[in-house]
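Encoded as structure tokens, the structure appears first; notes follow it.
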């Protein structure tokens, strides 16, 4: 009897001994679902970005489910999604009903300084992301649409301090599970935090692709990207994304783009914010765009509504008006509902 | 026009029709309006040096490895200070998904026969899920726990305050035990084996 009491007491003391930080090594399940309504004032789905292009329809985005676990120095992430937004991230021809991997990788932290990761990972390039919970605006920028979405490969992250880190890695072609021409991309990232609240990422990726720049042509592709965001005051945040990319195809043709996007955002309260995205985007020797997107996310815990107005203009008549005549501008409103779990 | 009206109506309902989920949590407040846990504890037969050693040992055992560099012992002032933190989670999430971390300061001051503790400067460091599917702190998104929450997010903020209340209650109980762990005059006992 005494032994039982002693054992129970020992267990209780062990169980209730408090530590400052509860490092939870359990399996984490997170993700989101999103749905939206969009209306283009021309009556046509004019502004084609990666997702949310369906006109005058209550449409769905995707269901995204991520599993994550860290035990000691080892960790994994497995993230899978279904739906049109997911299909949009899988590239041309992807079925809406087919699942697509968003993240699938394992990591090992050899020390506080070095972490090695291998698998299929969300790209390190660019400001915006596929998951609607990671973006302020619901519609996406052209810089996002034309950059990589994911990079499979192996990378080494070196964390020198809270203010400085860098990454080098070898990657497959953009957005593919398997690289048929071998691991041919080199990527690097430098992270600097000049002051508290300011993040600066310098990103670089280059390599030879069998389907370069979302075409059927093979060629070499290089992209340089700056992604930065500064929480200037408690309420005011300013983000910036600059990228330039070029492709040299096997048939000696070339293509490329350059773009700049600004993201001023103001938090009216912890539930309501207002933000503008301005983007200037130019194709090499082709049309350029100016895009203004005004979004007002309203959040209550896991649920966020994003009413949004977007106006795009181009130096060429690449849009259609309500009479189906070519025109240089287009505008739309949308309302998205996103639930994060 | 009808479409715009439907959108406006939906937004109005979302903002204005919000159920109240939880009871408001009241944390103790000091004269400057900051949430503070503070108490003078009398302990007979404990001198200040013993209490300072116990305080240091308690904090060394309580804070984690990364927080060790914040631990400071000042023999002249008779105090030990440290910074600490713990994670708080999204209410209603499937797994224990991190919403943020509560950071705070701990101070234990000692005199002969008594000590006092001060747990204050509670800040909320916001987290988000990054592009690689992991939850991480957002640089610059830190606010005092006293910051009022909007009606729409009151239930989540209140849940974090409830967690603080529970964590501090346990912390204080543990501290009171550990502050009396080694008594004044206790000597380290050495067991002498006969068959050496």
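Read the figures in this text as sums done on the coordinates, not as results from a lab. These numbers come from a predicted model, not from an experiment. Here Cβ is always computed from backbone atoms with ideal geometry, including for glycine, and neighbour counts include all displayed protein chains.
Run residue A:106 past the list (1) closer than 22 Å to residue A:174 by Cβ; (2) loosely packed, with under 15 Cβ neighbours inside 10 Å; (3) away from chain B (no Cβ under 14 Å) and report the number of the one that doesn't hold. With (1) closer than 22 Å to residue A:174 by Cβ; (2) loosely packed, with under 15 Cβ neighbours inside 10 Å; (3) away from chain B (no Cβ under 14 Å) applied to residue A:106, the lone miss is (3). So which residues in the stretch A:89-100 are touching a helix residue (DSSP H, G or I) at 6+ places or on another chain (Cβ under 9 Å) and buried (at least 16 other Cβ atoms within 10 Å of the Cβ), if there are any at all? Selection gives A:99, A:100.
Return the total of residues in the stretch A:121-136 being surrounded by fewer than 23 Cβ atoms within 10 Å (Cβ to Cβ) and over 15 Å from residue A:241 (Cβ atoms).
Residues of the stretch A:121-136 that are surrounded by fewer than 23 Cβ atoms within 10 Å (Cβ to Cβ), as a first pass: A:129, A:133-136.
Retained after the next criterion (residues that are over 15 Å from residue A:241 (Cβ atoms)): A:133.
Counting residues in the stretch A:121-136 that are surrounded by fewer than 23 Cβ atoms within 10 Å (Cβ to Cβ) and over 15 Å from residue A:241 (Cβ atoms) gives 1.
Of all positions in the stretch A:316-324, at least one carries a residue that is crowded, with 17+ Cβ neighbours inside 10 Å and either within 14 Å of another protein chain (Cβ to nearest Cβ) or outside any strand (DSSP E or B) (or both). Here the stretch B:121-146 is the region considered, the condition is being assigned to a loop (DSSP other than H, G, I, E, B) and more than 8 Å from every other protein chain (Cβ to nearest Cβ), and the residue that is farthest from residue A:197 (Cα to Cα) is B:146. Residue B:153 fulfils the conditions (1) free of Cβ contacts under 8 Å to residues at least 12 places away in the same chain; (2) closer than 26 Å to residue A:197 by Cα; (3) more than 10 Å from chain A (Cβ to nearest Cβ) except for a single criterion, (3).
Across the stretch A:258-282, the number of residues qualifying as in contact with a helix residue (DSSP H, G or I) (Cβ under 9 Å, 6 or more places away or on another chain), surrounded by fewer than 18 Cβ atoms within 10 Å (Cβ to Cβ) and assigned to a strand (DSSP E or B) comes to 2.
Residues considered: A:251, A:157, A:173. Of these, the only one that is in contact with a strand residue (DSSP E or B) (Cβ under 9 Å, 6 or more places away or on another chain) and outside any strand (DSSP E or B) is A:251.
Of the residues making up the stretch A:146-173, those that are touching a helix residue (DSSP H, G or I) at 6+ places or on another chain (Cβ under 9 Å) and under 19 Å from residue A:226 (Cβ atoms) are A:146, A:149. Here residue A:66 passes the criteria (1) under 16 Å from residue B:131 (Cα atoms); (2) away from chain B (no Cβ under 12 Å); (3) out of contact with any helix residue (DSSP H, G or I) (no Cβ under 9 Å at 6 or more places or on another chain) except the one numbered (2). Taking the conditions exactly as written (touching a residue at least 12 places away in the same chain (Cβ under 8 Å), under 26 Å from residue A:69 (Cβ atoms) and touching a helix residue (DSSP H, G or I) at 6+ places or on another chain (Cβ under 8 Å)), does residue B:78 satisfy them or not? It is false that residue B:78 is touching a residue at least 12 places away in the same chain (Cβ under 8 Å), under 26 Å from residue A:69 (Cβ atoms) and touching a helix residue (DSSP H, G or I) at 6+ places or on another chain (Cβ under 8 Å). Are any of the residues in the stretch A:239-259 within 17 Å of residue A:47 (Cα to Cα) and within 14 Å of chain B (Cβ to nearest Cβ)? No - not one qualifying residue is present in the stretch A:239-259. More than 10 Å from every other protein chain (Cβ to nearest Cβ) and free of Cβ contacts under 8 Å to residues at least 24 places away in the same chain: does that describe residue B:112? No, not satisfied.
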